[in-house]
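None of the figures in this text is laboratory data; all of them are computed from the coordinates on show. Computed from a prediction, not measured in an experiment: that's the story for all the values here. Heads up, the Cβs are rebuilt from the backbone with ideal geometry, glycines too, and the neighbour counts pull from every protein chain shown.
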Ligand SMILES: CC(C)(COP(=O)(O)OP(=O)(O)OC[C@H]1O[C@@H](n2cnc3c(N)ncnc32)[C@H](O)[C@@H]1OP(=O)(O)O)[C@@H](O)C(=O)NCCC(=O)NCCS
């Protein structure tokens, strides 16, 4: 399995495989911005829309490949504001259900954290559904729980769920 950072062209080339991963994640009940069932065309369109941000350097996307499949991904969103250049948001950490529990999620998280520090970022933040499996991963990777917002987003089944905010201060590389 190889993990690569995608440029905009590579992302556009892989939107079908990335869409399959997004759909699997939503089908599995994870709150990543969508309701179930997620249509393949809608998932492809969502990924295609990310290409402009990647081309502009506002978004970094990594994909873990197993042959033609994308079995994992993670992103870093860099805010464009002049007062926020030290900060990035960790977004869309997803591992396909049949690839979970083997360390890939942790490896993707480490990859994004290292890239962030190499880019001079000193503060990372994210939000994740409260009590989701991802919380254990973030806490064990040294992230600090900042608080909970109730009724933040609907689960794929349409039920409002709280989100937990996390941050991690890192040394610039
Ligand atoms: C969260 C996610 C990325 C973890 O991916 P993964 O490849 O299974 O993670 P890893 O195998 O690296 O495991 C990382 C840690 O989480 C733990 N973990 C993984 N799945 C778990 C589960 N269902 N329940 C409890 N702990 C779990 C592992 O035991 C491991 O901890 P350890 O090293 O102390 O044993 C994956 O479950 C996923 O894609 N979930 C849906 C999307 C999502 O919620 N993303 C986060 C949005 S911010």
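For a test of the definition: using alpha carbon positions, the gyration tensor, and the 1.5 limit on a/c, classify the chain as rounded, prolate or oblate. Spell out each step's value before the answer.
Details: a/c = 1.40, a/b = 1.08, b/c = 1.30.
In terms of gyration-tensor shape, rounded.
Taking 7 Å along the Cα-to-C-beta vector as the label spot, tell me the residue 3-residue 118 distance in nanometres, rounded to one decimal.
Here the modelled spin labels are 1.2 nm apart.
In percent, how large is the relative contact order of segment 74-173, given Cα pairs closer than 8 Å and 6 or more residues apart? Working shown, then result.
On the way: 159 pairs, mean separation 27.3, N = 100.
In percent, rounded to a whole number, it is 27.
If each residue of separation counts as 0.36 nm, what is the full-extension length gain between residue 49 and residue 172 once their alpha-carbon separation is subtracted?
On the way: separation 123, 0.36 × 123 = 44.28 nm, distance 2.97 nm.
Length gained between residue 49 and residue 172: 41.3 nm.
How much mean residue ellipticity at 222 nm does the chain get from its helices, if each DSSP H run of length 4 or more adds -39500 (n - 2.57) and you divide by all residues, to the nearest 500 deg cm²/dmol? All intermediate terms of the calculation are to be shown ahead of the outcome.
On the way: 5 runs with 58 residues, N = 173.
That comes out to -10500 deg cm²/dmol.
Among 1, 94, which comes first, then next, by fewest other beta-carbon atoms within 10 Å? Don't skip to the end; give the middle numbers.
Working: 1 13, 94 26.
Ranked by crowding around the Cβ, least crowded first: 1, 94.
Using every pair of alpha-carbon atoms in segment 9-111, split the distances into 5 Å bins beginning at 0 and state the percent of pairs per bin, rounded to integers.
Values per bin, smallest distances first: 2, 12, 23, 25, 20, 11, 5, 1, 0.
Which of 132, 84 comes first, and how do the rest follow, when ranked by fewest Cβ neighbours within 10 Å?
Values: 132 17, 84 12.
Going from least to most buried by this count: 84, 132.
Output the relative contact order of the chain, whole-number percent, from Cα pairs under 8 angstrom with separation of 6+ residues. Provide the component values of the computation, followed by the final result.
Details: 319 pairs, mean separation 37.6, N = 173.
Across the chain, relative contact order equals 22 percent.
Order of 159, 61, 148 from fewest to most other C-beta atoms within 10 Å?
With the fewest neighbours first, 159, 61, 148 line up as 159, 148, 61.
Identify the residues of segment 28-50 with backbone N under 12 Å of a label point that sits 7 angstrom from the Cα of residue 58 along the Cα-to-Cβ direction, or state none.
Counting backbone N atoms under 12 Å from the label point, the list is 50.
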